[in-house]
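Single-structure report; data block below.
The values are calculated or read from the model by the stated rules, or taken from the named source; none is laboratory data. Source: prediction; values computed, not measured. FYI the Cβ positions are ideal-geometry reconstructions off the backbone, even for glycines, and counts take in every protein chain you see. Remember, those area values only see protein heavy atoms, side chains included, never the ligands or the DNA or RNA. Shrake-Rupley method; radii C 1.70, N 1.55, O 1.52, S 1.80 Å.
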Amino acid sequence: MAEKEFNLSEYMAGGVENLVKGAIRATLKDPKESIFMAKFARSSRESTKRRAEFEAQGEHIPPFLIASITSSCNLHCAGCYARENHACNDEVAYDQLTADEWGRIFEESRDLGIGFILLAGGEPMMRKDVLQKAAEYPEILFPVFTNGTMMNDNYIKLFDSARNLVPILSIEGDELKTDERRGNGIYQLLIKAMDKIKSNNLIFGASVTVTTSNINEVVSEEFLTELSERGCKAVIYVEFVPVTDDSTELAPGDSEREFLRDKMTELREKYQEMIFVSFPGDEKATGGCLAAGRGFFHINSHGGAEPCPFSPYSDISVKDTSVREALHSKLFTDLQSGDVLVEDHAGGCVLFERRDKVVELLNSQG
């Protein structure tokens, strides 16, 4: 079986090192950023070494964590999975982890060898206290996935002083496509945010939700050249996951996924000053889904440890236990030891497609 030949640890470690090398290459023209990335490269090697030590003892630690630090958001994006899953709202969020609690999570993650923590929401820039706490851990790189509407001078100062925080601005293509999904006027706010970041000699990335409607545009020379000229150093393509029956036609299928995979190779060669990442990408080619602690996991704003943001199910909270213990939750263990993550599926997000089985595993614990 091909799955037996696949070495997850080597695959993830190699992916992390390639990301770091790409980040250093992307920042060569910015001495301040390049110095930080060189220091971070040393930290990343230490993280990889730490995870390898755990692996040698029979304990797998993923290199990535996705942290949804708030459930509050100031936008109503069409097809938002977080709102559909009731993990996001407009009102003041209650019972959220405090900045100090997130600080403990960051510290424990660092000590385990987790070197990348993606900060998401809701809108993560609504929790400046948590971002300030993240700034205290330069050994960890924190991509901040934001809608870009709150990029003011105070945040520019924070990103300038804490180079381990990297804003990743969500954009869907041109003005029409972006405003269609995110609301009127959002595209122009994004452009202003990009220009403000560039004028202050900071770097940023872009997060693009890939649909059947925009896939050709978001890999086009026109779109990517404009992003590059505005200072973008990373483009993260996230395949659209339908949360309602009437949006299934927007989800990329096998042909779109193959097209995107081929494009990644072409774009990495053409735009060598930029990093390109596709998620989830071809899970079949990478030994199955990497969620539930195989390659990454998710902690929601209340502390629940979940397999993935698209699989909002939890049987343990880091509010009551450690990150290390959460990685050994029964749900994660059952998912890793079973066939849900590696079994054949239509493509894209296997956990979303097989969510009934995840719920069945969760309910079987009672």
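Within the range 329-357, the set of residues being closer than 13 Å to LEU290 by Cα, at pLDDT below 85 and either aliphatic (A, V, I, L, M) or in contact with a His (Cβ under 8 Å, 6 or more places away or on another chain) (or both) comprises VAL340, LEU341, VAL342, VAL350, LEU351. Scanning the range 203-219 for residues that are free of Cβ contacts under 8 Å to residues at least 40 places away in the same chain and within 16 Å of ARG268 (Cβ to Cβ) returns ALA206, VAL208. Only residues that are at pLDDT below 95 and in contact with a Lys or Arg (Cβ under 7 Å, 6 or more places away or on another chain) were counted across the range 215-236, and they come to 2. Considering only residues in the range 60-80 that are under 17 Å from TYR313 (Cα atoms) and out of contact with any Pro (no Cβ under 7 Å at 6 or more places or on another chain), the one that is modelled with the lowest pLDDT turns out to be SER71.
Of the helices (runs of 4 or more DSSP H) lying entirely inside the range 101-196, the ones with 2 or more residues being open to solvent by 10 Å² or more (accessible area, probe 1.4 Å) and closer than 23 Å to PHE310 by Cα are found at 175-182.
Residues checked against (1) touching a Leu at 6+ places or on another chain (Cβ under 6 Å); (2) over 19 Å from VAL166 (Cα atoms):
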{"site": "ASN184", "(1), (2)": "no, yes"}
{"site": "ILE191", "(1), (2)": "no, no"}
{"site": "ILE197", "(1), (2)": "no, no"}
{"site": "LEU202", "(1), (2)": "no, no"}
{"site": "ALA206", "(1), (2)": "yes, no"}
{"site": "ASN216", "(1), (2)": "no, yes"}
{"site": "SER228", "(1), (2)": "no, no"}
{"site": "LYS233", "(1), (2)": "no, no"}
{"site": "PRO252", "(1), (2)": "no, yes"}
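Considering only residues in the range 118-175 that are small (Gly, Ala, Ser) and touching a Leu at 6+ places or on another chain (Cβ under 9 Å), the one that is nearest to LEU250 (Cα to Cα) turns out to be SER170.
Report whether or not GLU221 is among the acidic types (Asp, Glu), farther than 18 Å from ASN147 by Cβ and either touching a Phe, Trp or Tyr at 6+ places or on another chain (Cβ under 9 Å) or surrounded by 14 or more Cβ atoms within 10 Å (Cβ to Cβ) (or both). Answer is no for this residue. Listed by first and then second residue, the pairs with beta-carbon distance under 8 Å, at least 6 apart or on different chains, first residue in the range 99-119 and of a type in the set (Phe, Trp, Tyr), second in a loop (DSSP other than H, G, I, E, B), are TRP102/ILE69; PHE106/GLU136; PHE106/TYR137; PHE106/ILE140; PHE116/PRO63; PHE116/ILE140. Of the residues making up the range 298-327, those that are in a strand (DSSP E or B) and in contact with a helix residue (DSSP H, G or I) (Cβ under 7 Å, 6 or more places away or on another chain) are ILE299, ALA305, CYS308, SER311. Condition test on CYS88, is it buried (at least 20 other Cβ atoms within 10 Å of the Cβ), within 30 Å of THR248 (Cβ to Cβ) and at pLDDT below 95? For CYS88, the condition - buried (at least 20 other Cβ atoms within 10 Å of the Cβ), within 30 Å of THR248 (Cβ to Cβ) and at pLDDT below 95 - is met. Across the range 230-279, the number of residues qualifying as part of a loop (DSSP other than H, G, I, E, B), in contact with a Phe, Trp or Tyr (Cβ under 8 Å, 6 or more places away or on another chain) and among the basic types (Lys, Arg) comes to 0.
Residue-by-condition table, conditions (1) open to solvent by 10 Å² or more (accessible area, probe 1.4 Å); (2) farther than 17 Å from PRO62 by Cα; (3) free of Cβ contacts under 8 Å to residues at least 40 places away in the same chain; (4) aromatic (Phe, Trp, Tyr):
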{"residue": "GLU266", "(1), (2), (3), (4)": "yes, yes, yes, no"}
{"residue": "ILE275", "(1), (2), (3), (4)": "yes, yes, no, no"}
{"residue": "CYS308", "(1), (2), (3), (4)": "no, no, no, no"}
{"residue": "TYR313", "(1), (2), (3), (4)": "yes, yes, no, yes"}
{"residue": "PHE332", "(1), (2), (3), (4)": "no, no, no, yes"}
{"residue": "SER337", "(1), (2), (3), (4)": "yes, no, yes, no"}
